[in-house]
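Have a look at the structure below, then the notes.
The values are calculated or read from the model by the stated rules, or taken from the named source; none is laboratory data. Treat the numbers as computed from the prediction; the structure is a model and nothing was measured. Methodologically, a virtual Cβ is constructed for each residue, glycine included, from the backbone with ideal geometry; neighbour enumeration extends over all protein chains shown. Surface areas here come from the heavy atoms of the whole protein model, side chains and all, with no ligands, DNA or RNA. Shrake-Rupley method; radii C 1.70, N 1.55, O 1.52, S 1.80 Å.
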There are 4 protein chains.
Amino acid sequence: MGTTTKKRAGIIGGAGYTGGEAIRLLLNHPDVELAFVHSRSNAGNPLYAVHADLIGETDLTFAADVAEDVDVIFLCLGHGESRKFLESTPIPAHIHIIDLSQDFRLGETVNGREFVYGLPEVNREAIRQAKNIANPGCFATGIQLGLLPLAKAGLLNEVHTTGITGSTGAGQSLQSTSHFTWRANNISTYKVLQHQHLKEIRRTLQALQPAYSGALNFVPVRGDYPRGIWITSYLECDLTLDEAYRLFEEFYNGHPFTHVSRKQIDLKQVVNTNKCLIQLEKTDNKLVIHSIEDNLLKGASGQAVQNMNLVLGLEETAGLKLKSIVF
Amino acid sequence: MGTTTKKRAGIIGGAGYTGGEAIRLLLNHPDVELAFVHSRSNAGNPLYAVHADLIGETDLTFAADVAEDVDVIFLCLGHGESRKFLESTPIPAHIHIIDLSQDFRLGETVNGREFVYGLPEVNREAIRQAKNIANPGCFATGIQLGLLPLAKAGLLNEVHTTGITGSTGAGQSLQSTSHFTWRANNISTYKVLQHQHLKEIRRTLQALQPAYSGALNFVPVRGDYPRGIWITSYLECDLTLDEAYRLFEEFYNGHPFTHVSRKQIDLKQVVNTNKCLIQLEKTDNKLVIHSIEDNLLKGASGQAVQNMNLVLGLEETAGLKLKSIVF
Amino acid sequence: MGTTTKKRAGIIGGAGYTGGEAIRLLLNHPDVELAFVHSRSNAGNPLYAVHADLIGETDLTFAADVAEDVDVIFLCLGHGESRKFLESTPIPAHIHIIDLSQDFRLGETVNGREFVYGLPEVNREAIRQAKNIANPGCFATGIQLGLLPLAKAGLLNEVHTTGITGSTGAGQSLQSTSHFTWRANNISTYKVLQHQHLKEIRRTLQALQPAYSGALNFVPVRGDYPRGIWITSYLECDLTLDEAYRLFEEFYNGHPFTHVSRKQIDLKQVVNTNKCLIQLEKTDNKLVIHSIEDNLLKGASGQAVQNMNLVLGLEETAGLKLKSIVF
Amino acid sequence: MGTTTKKRAGIIGGAGYTGGEAIRLLLNHPDVELAFVHSRSNAGNPLYAVHADLIGETDLTFAADVAEDVDVIFLCLGHGESRKFLESTPIPAHIHIIDLSQDFRLGETVNGREFVYGLPEVNREAIRQAKNIANPGCFATGIQLGLLPLAKAGLLNEVHTTGITGSTGAGQSLQSTSHFTWRANNISTYKVLQHQHLKEIRRTLQALQPAYSGALNFVPVRGDYPRGIWITSYLECDLTLDEAYRLFEEFYNGHPFTHVSRKQIDLKQVVNTNKCLIQLEKTDNKLVIHSIEDNLLKGASGQAVQNMNLVLGLEETAGLKLKSIVF
């Protein structure tokens, strides 16, 4: 396929972790060209001045301006910054926006732009038709993927969830909780029962099971590793383990990145991939659902590229067949 | 205090992790002499042939036989092995037994020996009078310390608990789940909702709150670090946060190793100490209790030495003022 | 490109780390089909029964037999096992062998098969013409890439090298030195000044600088992380830093995976990639060379696929544009 | 021993890592009372507001002023800050100063105060007579302890040293190289062949072997763990391995913290202790010396307390019988 037929993508906020991962994915994408990476503070510097691993892979430099000859723009900005950017920067209407912040996940609009919630496992067709995408949160992706089949079957009730996240989830700013000496071999929690992703999770679940009003109890844990999210949810459920497995397997049949495993899973099976793996257990009347993902890929930039593929009519898996780190 | 007045202690099963920690504590204990360390497979070798960090600290060798001129014997054996040992080895009646296995935690006896459950925060006076001690499990210690004040106040109902443990909890045998390449940066769960410690936990809680029959839902997690247990439990509770804090502070007032923190805690505050720290949070009608400990110390050998101090009439904290690793 | 035109590859010994990485690379290779993965002990099982991260990526099962309708076979066997395999298993002469063991790196032959040392940065043209390839050792690759330009310029003398390797370098067998509890946060050395890779390193260097007879002092270190090799070498050298940089930059100009960085490098820049990065420093009369690689990729299976590409006349980088883990 | 007979110690700069470790050691010291901990920025706050692991151990608060009724003051300040402090703050002449910075290690004086270099293994008697101590650097301690016996025997020539340090060596300030996401699973070097400790090392070695003028080549490495220093040095040496071992064993005979091991050592044997372990190897004409220590204890605050014990006429090991973390 000649490069003249390639789609073109730009990135706003290319100096952070999600921006960096979007760059890495797009540089190797077979059908999309990385047209520009915008960063005010780094304008003129080569990408590898910030993302040092890219040395030898590209000579692209950070751009001070936003080019308009692109098909899609990724907003890899902090929460609140995406709205500010779109309010202050005119983007031609033909350009798709894929926003990785939480600014438009609950139905918010800006300058008339509406956003489809970019969780392909529940919204694939809507995403294909969408102009703009609100990419889901990292915890939100993993928790929802563990609950969607139950919601669709009307089986949700009070849910108890623990989620453990790698340090990349906290971004690259220097904080005491991201200091190596503090975090190595350490465990702590934050925003217990109060995580902001609960809103977008409940919104999706209620779209599938409108009467759902049970509590979503979520304990977020800071893990002492860089990458990946482990989620264990459980709830009361009358299904046998086999019935539950069949419910999940049918739901995810044909979804290219979300797979159901009848064997025990562990987090590193998905690190550095765009996959989500799900495993079930049943004890007494409780169904246990484990779901795992890479917080920066299926939980952020990988899913954003998956959404881009859908929005642009490309193969859903294009550029996302990634070798796991595994060890 | 002259060494002639020192109490004497022996260790059965001194080659493993809990045996090694018992050795380290007793070598520095001001009032107790380490009389022998029994290990059939290592008899005749110096302790530092197995516990290499002890080089320069002791010239003691592993003993093939069990000396009888001791005041107390620690059984640092695998589950099931303590019972076998006591059934096959005559131990004079005057010697106290402190068993670290789970063999006698639920009221079991052997050769007429009865065992007091060695959780000083609830059984201190009984321990002082006891001949034999069943030392609590590591998860069991941390979970119970997080729930005891509520049980005493009759406030327990269904409890939701996540516990993350370091790899030392799995002992020193070579297994795929303790292989460095696998476990580094990895997360997994095991025995979800089915952990064997639930029995001893329920037994203690029901002694304080006899009518308690709520579910104890416990998700054990393998952490990717060697040492320490993080526990988060939550349940419905009408107390305000301040009321709950006062309930806990009153309960643990005067207990030398278990402390209530009104600031956020993190696991490394207790690693390499005999302490348990507890922190509370309140969201809507849910009370959240975080409790942390070192699984090999307060969760095993440290608590065993604490029990020995009580049984032998020594200062409860003797030999247990340990410098935390903290970083 | 239709699949009918794809080359076909087989793997012998597909259950280990290097076999697993070869599988992962070949499953995503654009021009090569993974025809079979041989493993006696796992025959009939799906690949993901052993390499659990492959769930959802392939339904291929391990094969009991060696198919002959392939273009190339990778031997991912232990040292000594490759020779035994080739002595006992007739492989048709048209099939290329790429051996990852150390059995044929010093000019050894088997059944008349000769092997070209598969370090493309020095042997690219010979590799293109070769029937069989002896893939270099992991440490050997990194150390040589740090010294090749100096050898070619005749500037080598006594070399002082420290190499730190991740735990994957020791394979997946369960040993005390790969036990998580032992290795986490730990450092140790092995085979100090006696590592077996010194032979193949000296052989390559002497081919470039025939009079070279200086000592190669190599201190191998076990790092407490899974993946990657850091090498620092230094030697007396009269070049200025800039002259040295120009020597290295000229030498590696056009080599697709080995790059010279004038900025400080760190190991994670190359983890999960097939790259080698090199950085120089100069203090007094000593030239310092840092070289880094992923021990399982550029140090093993990645370089093997690179060699396969050369041997089969494919694009050298095909299937090897890998996203680094970086964080 | 009654508290009335205890010596009294103060700490200047108690909010950092070395200050925190000094606090932890002094709180448990049998013969010394921690009289005050000075910290301008934290004055009035309890120690555990900064060193959270101390909750339940002390109610001491940070002091705004420097009390004068003490026997010894530890300066746990940054390099350059100790000199400034002593120039601006009058300290009564009877108070011993133990300075942990590098300000007085090369014979510098301030207000007429002279400092003895506080390496007991070479300067014990001078330390016992000293008013003020310049506590050695962390790398300097480990490297010197590996070379002292050779220097005394006049056997030093060009030395090649690699040292790997935990992140605590870099202190608690937030920097990109101490960011968890960056440093986890990563390796890098700094100040290669240019580390500032080389000066104090050479000074000590030349005191023992006056004619020594060989190069000290030192490659400092940032390890991806919090605590501990691993050092491997090698040099040409005609001694057999056994002769070398006997030289080292005789030299360190009677030294309570530095031990020679004829078995392979690993870093965690000394973490959280005040010990230094040394192991030797011999290959061809090269003698290899491994030496390990905890950078914050034998490499800083532990050695400072050891020096205090000597200066105050206490048992050298008092308060320093520490349980290693080991796992």
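Quick notes
- Any hit, segment B:79-89, residues being open to solvent by less than 60 Å² (accessible area, probe 1.4 Å) and over 20 Å from B:ALA300 (Cα atoms): yes
- When segment D:124-146 is filtered for residues that are open to solvent by less than 10 Å² (accessible area, probe 1.4 Å), in a helix (DSSP H, G or I) and under 30 Å from D:LYS191 (Cα atoms), the ones remaining, listed by number, are D:PHE139, D:ALA140, D:THR141, D:GLY142, D:ILE143, D:GLN144, D:LEU145, D:GLY146.
- Evaluated against (1) of a type outside the set (Asp, Glu); (2) open to solvent by 10 Å² or more (accessible area, probe 1.4 Å); (3) without any contact (Cβ under 8 Å) to a residue 40 or more places away in the chain, D:LEU322 falls short on exactly one condition, (3).
- Looking only at segment B:247-265, and only at residues there that are open to solvent by less than 10 Å² (accessible area, probe 1.4 Å) and under 16 Å from A:VAL192 (Cβ atoms), the one that is farthest from the other protein chains (Cβ to nearest Cβ): B:ILE265
- Qualifying residue in segment C:301-317 (condition: out of contact with any strand residue (DSSP E or B) (no Cβ under 9 Å at 6 or more places or on another chain), of a type in the set (D, E, K, R) and outside the structural domain of C:LEU193 (by TED's automatic domain parsing)): yes
- Matching residues, segment B:269-295, being within 7 Å of another protein chain (Cβ to nearest Cβ) and more than 14 Å from D:ILE325 (Cβ to Cβ): B:GLN269, B:LYS275, B:LEU277, B:GLU281, B:THR283, B:LYS286, B:VAL288, B:HIS290
- Residue check for D:LEU106: assigned by TED's automatic domain parsing to the domain that holds D:HIS29 and touching a strand residue (DSSP E or B) at 6+ places or on another chain (Cβ under 6 Å): no
- Residues of segment B:200-212 include none that is over 19 Å from B:LEU119 (Cβ atoms), of a type in the set (Val, Ile, Thr), more than 14 Å from chain D (Cβ to nearest Cβ) and assigned to a helix (DSSP H, G or I).
- Of everything listed in (1) without any contact (Cβ under 8 Å) to a residue 60 or more places away in the chain; (2) open to solvent by 10 Å² or more (accessible area, probe 1.4 Å), the single unmet condition for C:LYS152 is (1).
- D:ALA244 falls short of the stated requirement of being surrounded by fewer than 18 Cβ atoms within 10 Å (Cβ to Cβ), hydrophobic (A, V, I, L, M, F, W, C) and either more than 14 Å from chain B (Cβ to nearest Cβ) or in contact with a Gly (Cβ under 9 Å, 6 or more places away or on another chain) (or both).
- For the criterion of being modelled with pLDDT of 95 or more and either more than 20 Å from D:THR168 (Cα to Cα) or not small (Gly, Ala, Ser) (or both), D:ARG40 fails.
- Screening A:GLY171 against (1) at positive phi; (2) modelled with pLDDT of 95 or more leaves a single unmet condition, (2).
- Segment A:19-44 - residue that is assigned to a helix (DSSP H, G or I) and within 20 Å of A:ILE95 (Cα to Cα) and, of those, most open to solvent (accessible area, probe 1.4 Å): A:LEU27
- The conditions of being surrounded by fewer than 24 Cβ atoms within 10 Å (Cβ to Cβ) and without any contact (Cβ under 8 Å) to a residue 12 or more places away in the chain are met by C:GLY112.
- Residues of segment B:296-327 satisfying the condition of being at the interface with another protein chain (Cβ under 7 Å from one of its Cβ atoms) and aliphatic (A, V, I, L, M): B:LEU322, B:ILE325, B:VAL326
- Qualifying residue in segment C:47-62 (condition: buried (at least 21 other Cβ atoms within 10 Å of the Cβ), touching a residue at least 40 places away in the same chain (Cβ under 8 Å) and in contact with a Ser or Thr (Cβ under 9 Å, 6 or more places away or on another chain)): yes
- Condition check for C:HIS197: of a type outside the set (Ser, Thr, Tyr), crowded, with 20+ Cβ neighbours inside 10 Å and closer than 24 Å to D:PHE218 by Cβ: no
- Residues within segment D:215-243 that are of a type in the set (Gly, Ala, Ser) and without any contact (Cβ under 8 Å) to a residue 60 or more places away in the chain, tallied: 2
- Test: B:ALA140 is within 14 Å of chain C (Cβ to nearest Cβ), of a type in the set (A, V, I, L, M) and within 21 Å of the chain's Cα centre (by Cα): no
- Listed conditions (1) in a helix (DSSP H, G or I); (2) not assigned by TED's automatic domain parsing to the domain that holds C:THR204 are all met by C:SER101, apart from (1).
- Neighbours by Cβ (under 6 Å, 6+ apart or cross-chain): first from segment A:159-174, closer than 17 Å to B:ASP224 by Cβ; second among the β-branched types (Val, Ile, Thr) and part of a loop (DSSP other than H, G, I, E, B): A:ILE164/B:ILE187
- Restricting attention to segment A:180-199, the residues being assigned to a helix (DSSP H, G or I) and either closer than 29 Å to B:SER291 by Cβ or facing chain B (nearest Cβ under 10 Å) (or both) number 5.
- Filter pass, D:LEU86 being free of Cβ contacts under 8 Å to residues at least 60 places away in the same chain, in the same structural domain as D:GLU108 (by TED's automatic domain parsing) and in contact with a Lys or Arg (Cβ under 8 Å, 6 or more places away or on another chain): yes
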